[in-house]
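I am attaching a structure below and will ask some questions about it afterwards.
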């Protein structure tokens, strides 16, 4: 599965932190965003190698989220099927509830 390299490339070029953020829907249908610790980019060496390492680190973290919440990654089912996965080998979609549209932020 291709993963965009823009954010790690920008982080490498600017020296900014690369902070992965994942959002899941809780049992009440509310989106919950979690920011994880920054992905470290090696700054001494070729940019391409640093970006590839950051993408690999992000993919590993993303995999953990998908495995913990497989029913919340609906769009990936079509991708998996397009890549030849058998439907029986795919995780169940679960009971995830979609968030209410444009819910006002709690203050």
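The values are calculated or read from the model by the stated rules, or taken from the named source; none is laboratory data. What you are looking at is a predicted structure, and each value in this text was computed from that prediction instead of being measured. Counting neighbours? That spans all protein chains shown, and the Cβs are built from the backbone with ideal geometry, glycine included.
Run down 100, 56 and say which single residue is modelled with pLDDT under 90 and out of contact with any strand residue (DSSP E or B) (no Cβ under 6 Å at 6 or more places or on another chain).
It is 100.
Kindly establish whether residue 50 is surrounded by 12 or more Cβ atoms within 10 Å (Cβ to Cβ), at negative phi, in contact with a helix residue (DSSP H, G or I) (Cβ under 9 Å, 6 or more places away or on another chain) and in contact (Cβ under 8 Å) with a residue 12 or more places away in the chain.
In short, yes.
Same structure, new question: Which of the residues spanning segment 1-42 are loosely packed, with under 11 Cβ neighbours inside 10 Å and within 13 Å of the chain's Cα centre (by Cα)?
Result: 1, 2, 4, 21, 33, 34, 35.
Scanning for something at pLDDT 65 or above and either assigned to a helix (DSSP H, G or I) or farther than 30 Å from residue 15 by Cβ (or both), does segment 34-46 turn up at least one residue?
No; the residues of segment 34-46 include none that is at pLDDT 65 or above and either assigned to a helix (DSSP H, G or I) or farther than 30 Å from residue 15 by Cβ (or both).
Now a separate question. I'd like to verify a number: residues in segment 10-24 that are touching a helix residue (DSSP H, G or I) at 6+ places or on another chain (Cβ under 6 Å) and either closer than 25 Å to residue 73 by Cβ or not in a helix (DSSP H, G or I) (or both), how many?
Residues that pass the stated criteria total 4.
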